[in-house]
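**Q** What follows is a structure written as structure tokens; I'll ask about it next.
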Amino acid sequence: MKPTYCWLGPELRFPDPAQAGAEGLVALGGDLSPHRLILAYRSGIFPWYSHDQPILWWSPDPRCVLDPSRFKCSRSLRKILAQHRFEMRWNRQFMQVIRLCSQVPRRGQDGTWITEEMISAYMRLHQKGLAHSLEVYQQDRLVGGLYGLAMGAFFFGESMFSLEPNASKCALWQLSQQMAGGWIDCQVPNPHLLSLGAETMPRSAFLALLSNRIDEPSLLQTKL
């Protein structure tokens, strides 16, 4: 069977992600320049690879997304929020958040895809005002958080971490409050995200939604 992906050249372009296989591999190679990353996310594509691989660009089918209005806030989480156990802040320690996302172990995961190359690339996007961190503090100690890109009606979530129980859940709850009326792209499903209200949709539906709403004013940035 002929591969549905290709190697990228120096030109700033991607193949049509709708033509990728179900696993979602769109292309290999290229670079992590801000212009290429912005084009990737606008096209429904994101990088995900290990340090010993070329850059791999993905658009999986189905796509995992969270409608903020459908976030599942359990009784126990509501209690934690009411107790003000955590304080949440934006963009105070972006570099520390992304490094902790790369370092904190996850069940069933060996190693990390957040390489030094990726950290540098997203730091450049943060400096341009496109990548954001949402941090969770407990008595001024950073105990959880997430980071991703905000464009149009979308927050493209990249990763999250938690050093205290429920810290990352509180971060996702806060992000859902900020993104009301938009969408949170979770990329690929896992039990944790699904338990919080994330769902899967066909890639074709996600790409259509993206095309319709990516050029709106940034929903998140208008609220920060």
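**Q** Residues that are under 15 Å from the mean Cα position of the chain (by Cα) and in contact (Cβ under 8 Å) with a residue 24 or more places away in the chain: find the strands (runs of 3 or more DSSP E) completely inside segment 1-103 holding 1 or more of those.
**A** Numbers: elements: 6-8, 25-29, 56-58, 63-66, 87-90.
By residue number, 56-58, 63-66.
**Q** Answer yes or no as to whether Glu164 is part of a loop (DSSP other than H, G, I, E, B), of a type outside the set (Val, Ile, Thr) and either modelled with pLDDT of 95 or more or under 26 Å from Ser43 (Cα atoms) (or both).
**A** The answer is yes for Glu164.
**Q** Among what's in segment 186-207 and is aliphatic (A, V, I, L, M) and within 16 Å of Tyr41 (Cβ to Cβ), pick the residue that is surrounded by the most Cβ atoms within 10 Å (Cβ to Cβ). Outline the logic, then answer.
**A** Start the filter on segment 186-207 by keeping residues that are aliphatic (A, V, I, L, M), which leaves 188, 193-194, 196, 198, 201, 205, 207.
Pick out the ones that are also within 16 Å of Tyr41 (Cβ to Cβ) and you get 188, 207.
On the way: Val188: 14, Leu207: 20.
Among them, the one singled out is Leu207.
**Q** Shifting gears a bit: Could you grab me the full set of residues in segment 55-78 that are loosely packed, with under 15 Cβ neighbours inside 10 Å and either at pLDDT below 95 or of a type in the set (S, T, N, Q) (or both)?
**A** Ser69, Ser74, Ser76
**Q** What is the residue count in segment 200-220 for residues that are part of a helix (DSSP H, G or I) and aliphatic (A, V, I, L, M)?
**A** Adding up the residues that qualify gives 5.
**Q** Applying the selection to segment 19-35, what residues are buried (at least 19 other Cβ atoms within 10 Å of the Cβ) and within 26 Å of Gly129 (Cβ to Cβ)?
**A** Gly30 - this is the single residue of segment 19-35 that is buried (at least 19 other Cβ atoms within 10 Å of the Cβ) and within 26 Å of Gly129 (Cβ to Cβ).
**Q** Somewhere in segment 126-143, is a residue under 26 Å from Glu199 (Cα atoms), polar (S, T, N, Q) and touching a strand residue (DSSP E or B) at 6+ places or on another chain (Cβ under 9 Å)? Don't jump to the end; show me each part of the working.
**A** Step one: list which residues in segment 126-143 are under 26 Å from Glu199 (Cα atoms), which gives 130-136.
Now drop any that are not polar (S, T, N, Q), which leaves 133.
In the following step, the residues that additionally are touching a strand residue (DSSP E or B) at 6+ places or on another chain (Cβ under 9 Å) were identified as 133.
There is at least one residue in segment 126-143 that is under 26 Å from Glu199 (Cα atoms), polar (S, T, N, Q) and touching a strand residue (DSSP E or B) at 6+ places or on another chain (Cβ under 9 Å).
**Q** For segment 159-166, state whether one or more residues are surrounded by fewer than 23 Cβ atoms within 10 Å (Cβ to Cβ), of a type outside the set (Phe, Trp, Tyr) and under 26 Å from Ile38 (Cβ atoms).
**A** There is at least one residue in segment 159-166 that is surrounded by fewer than 23 Cβ atoms within 10 Å (Cβ to Cβ), of a type outside the set (Phe, Trp, Tyr) and under 26 Å from Ile38 (Cβ atoms).
**Q** Can you find a residue that is in a helix (DSSP H, G or I) and either over 17 Å from Tyr41 (Cβ atoms) or not assigned by TED's automatic domain parsing to the domain that holds Gln96 (or both) anywhere in segment 177-185? Don't jump to the end; show me each part of the working.
**A** First, the residues of segment 177-185 that are in a helix (DSSP H, G or I): 177-178.
Next, from what is left, pick out any that are either over 17 Å from Tyr41 (Cβ atoms) or not assigned by TED's automatic domain parsing to the domain that holds Gln96 (or both): 177-178.
Yes, because at least one residue in segment 177-185 is in a helix (DSSP H, G or I) and either over 17 Å from Tyr41 (Cβ atoms) or not assigned by TED's automatic domain parsing to the domain that holds Gln96 (or both).
The values are calculated or read from the model by the stated rules, or taken from the named source; none is laboratory data. These numbers were taken from a predicted model, which means no experiment stands behind them. FYI the Cβ positions are ideal-geometry reconstructions off the backbone, even for glycines, and counts take in every protein chain you see.
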